[in-house]
Amino acid sequence: MTDPKTSLQNFNIKEFQNDLLTWYYANKRDLPWRRTNDPYKVWVSEIMLQQTKVDTVIPYFYNFIEQFPTVYDLANAEEQEVLKAWEGLGYYSRARNLQHAVREVVERYDGKVPSKPKELEGLKGIGSYTKGAILSIAFNQPEPAVDGNVMRVFSRVLNIDDDIAQAKTKKLFETLTREVISHEDPSSFNQAIMDLGATICTPKSPTCLLCPVQEHCRAFDLGVEQQLPIKSKAKKNKTQSYAVLLIENEQGEIGIEQRPEEGLLANLWQYPMVPLEENSIEKIEEWIYSNHGFTIKLGKKQGELKHVFSHLTWNLDIYTALLIEDNIKNKNIKFVPKQELINYPFPVSHLRMKQYI
DNA sequence: AACGCGGGGAC
DNA sequence: GTCCCAGCGTT
């Protein structure tokens, strides 16, 4: 475990800050959430940006702020509307936690986003990074906001070889950032590190020749920037196979089911899925009857679809089917007109099945 | 500390 | 194919 005191010996903090900030003021990216100081909008952007690239977030951010311009609009919205606005962005618990937290801000803090670390920390979906990001960016407090960029940049600049996949390493970088962060402009300092990590100090092939803090970088000096940061491997994922049924009733409506309120793709809607591990194709109709209480006639296979999550892979066989007897007992399944499907939040894998409807 | 949780883009 | 992205909540 690296000792933070030792790491900062002979490191010129003041010159590092000056070189970094001078570069940032001249080169900072023009991003939608940088055109406001509204803590709510900063908050929304930070939640969307968790594990998600800037280019992916931008259109979602515009749409979300247009639809929910204030904490009150979001607090008063239906959860399904919020999930629909989040559709395709992934990690859907972010959206539900954000709305939950915003409702708490309305009730407990008179609609004002809190500016105290302890208060922010208590809000659903706000962890150590997002807390620091809001405090520094929206309230200009010298708090660390340590994400993957910060760990990569500082592991190189200070030549730190601790495993960034481990929790204690993040705490090390928070301690280091507290020492190095600018107290004159903490907002710009944190965002400058992130811009640097996103555009120059990239994971592979960093463009050190253009780096504003190259002369402060110990990894560059030693020629080991490509070997840092150290990150232990993630374990490989598992595969699950399902039949997905596009069930049509006599009125031409399509059957959809809502997923459980916890776990993968919580509360989103999908076309009914039948696990295929032990169920041969012949048993699909029987499985539907015993699990959902209605009878179907299985139609032709329409195609296959492979969908890769970060931790598992779905192999989906897509079938059409006809509803024969509709005494449905499962409240999570309902039949809706085709033109109303667009009102429901679907996972991307099921959005792709629209072509077979 | 380890794991579940989406989806996309770069290579 | 692999990696990783402005991470967090739960166990």
Square roots of five times the Cα gyration tensor eigenvalues for segment A:124-215, Å: 21, 16, 12
Helix A:186-199 axis, angle to chain A major axis (alpha carbon atoms, nearest 10°): 70
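Can you pull out the trypsin sites (Lys or Arg not before Pro) in segment A:1-91 that DSSP calls coil and that have at most 16 other Cβ atoms within 10 Å? All intermediate terms of the calculation are to be shown ahead of the outcome.
Details: sites: A:LYS5, A:LYS14, A:LYS28, A:ARG29, A:ARG34, A:ARG35, A:LYS41, A:LYS53, A:LYS84; in loops: A:LYS28, A:ARG29, A:ARG35, A:LYS53.
Here the trypsin sites (Lys or Arg not before Pro) that fit, given the DSSP loop and packing criteria, are A:LYS28, A:ARG29, A:ARG35, A:LYS53.
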In order through segment A:239-247: 3J(HN,Hα) via Karplus (6.51 cos²θ - 1.76 cosθ + 1.60), integer Hz, x for Gly, Pro: 10, 10, 10, 9, 9, 10, 10, 9, 8
Share antiparallel - DSSP beta bridges, chain A, percent rounded to 5: 65
Computed over segment A:4-227, Cα set: Rg, Dmax in Å: 18.0, 55
Positive-end extreme of charge dipole, chain A - chosen from A:HIS311, A:VAL44, A:LEU31 (charges on Cβ): A:HIS311
Label point distance in nm, A:ASN315-A:LYS354, each placed 7 Å from Cα along Cα→Cβ: 2.8
Residue with peak Gaussian network fluctuation, chain A [Cα springs, cutoff 10 Å], from A:LEU196, A:LEU276, A:LEU21: A:LEU276
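Rounded, prolate or oblate: pick one for segment A:74-122, where a ≥ b ≥ c are the square roots of the eigenvalues of its C-alpha gyration tensor, a/c under 1.5 means rounded, and failing that, prolate if a/b is larger than b/c, else oblate.
Details: a/c = 3.40, a/b = 1.74, b/c = 1.95.
Taking the square roots of the gyration eigenvalues as a ≥ b ≥ c, segment A:74-122 is oblate.
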C-alpha long axis of helix A:128-137 to longest principal axis of chain A, angle in °: 60
Test item: Cα-centred dipole of chain A, Lys/Arg +1 and Asp/Glu -1 on Cβ, debye: 560
Fewest-first ranking of A:CYS201, A:CYS217, using other Cβ atoms within 10 Å as the exposure measure: A:CYS217, A:CYS201
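Looking only at segment A:247-357, where both bridge partners belong to it, what percent of the DSSP beta bridges are antiparallel (to the nearest 5)? Walk me through the numbers on the way to the answer.
Values: 18 of 20 bridges.
Of the beta bridges lying entirely in segment A:247-357, close to 90 percent run antiparallel.
Using 1/(1 + (r/R0)^6) with R0 = 35 angstrom and r between the beta carbons of A:LYS297 and A:ILE342, what's the FRET efficiency to the nearest 0.05?
On the way: r = 27 Å, r/R0 = 0.77.
Rounded to the nearest 0.05, the efficiency is 0.85.
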Cα→Cβ-extended label distance, 7 Å offset, between A:ARG35 and A:ILE230, nm: 4.5
Likely footprinting exposure, A:TYR25, A:TYR271, A:TYR356, A:TYR344, fewest C-beta neighbours within 10 Å first: A:TYR25, A:TYR356, A:TYR344, A:TYR271
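Across segment A:279-357, how large is the tail of the calculated P(r) beyond 21 Å, expressed as a percent of all Cα pairs?
Working: 1246 of 3081 pairs.
Of all Cα-Cα distances in segment A:279-357, 40 percent exceed 21 Å.
So for segment A:25-114, Kirkwood radius off the Cα pairs, Stokes-Einstein at 25 °C and 0.890 mPa s: how many µm² s⁻¹?
Working: Rh = 13.5 Å.
My calculation gives 182 µm²/s for D.
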Rel. contact order, % - alpha carbon contacts under 8 angstrom, at least six apart, chain A: 15
Tilt relative to chain A, helix A:54-67 - C-alpha long axis, 0 to 90 degrees, to 10: 70
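Just list whichever of A:LYS131/A:LYS238; A:LYS124/A:LYS231; A:LYS41/A:LYS168; A:LYS300/A:LYS354; A:LYS5/A:LYS53; A:LYS238/A:LYS338 have alpha carbons separated by over 24 Å in the model shown.
Working: A:LYS131/A:LYS238 33 Å; A:LYS124/A:LYS231 28 Å; A:LYS41/A:LYS168 30 Å; A:LYS300/A:LYS354 16 Å; A:LYS5/A:LYS53 33 Å; A:LYS238/A:LYS338 33 Å.
The answer is A:LYS131/A:LYS238; A:LYS124/A:LYS231; A:LYS41/A:LYS168; A:LYS5/A:LYS53; A:LYS238/A:LYS338.
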Most mobile listed residue (A:GLU87, A:GLU174, A:GLU184) in chain A, GNM with C-alpha springs under 10 Å: A:GLU184
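Computed from the coordinates by the stated procedures, all read-outs in this text should not be read as laboratory data. Not measured: the values here are computed from a predicted model. All Cβ positions, glycine included, derive from the backbone under ideal geometry; neighbour counts span all protein chains shown.
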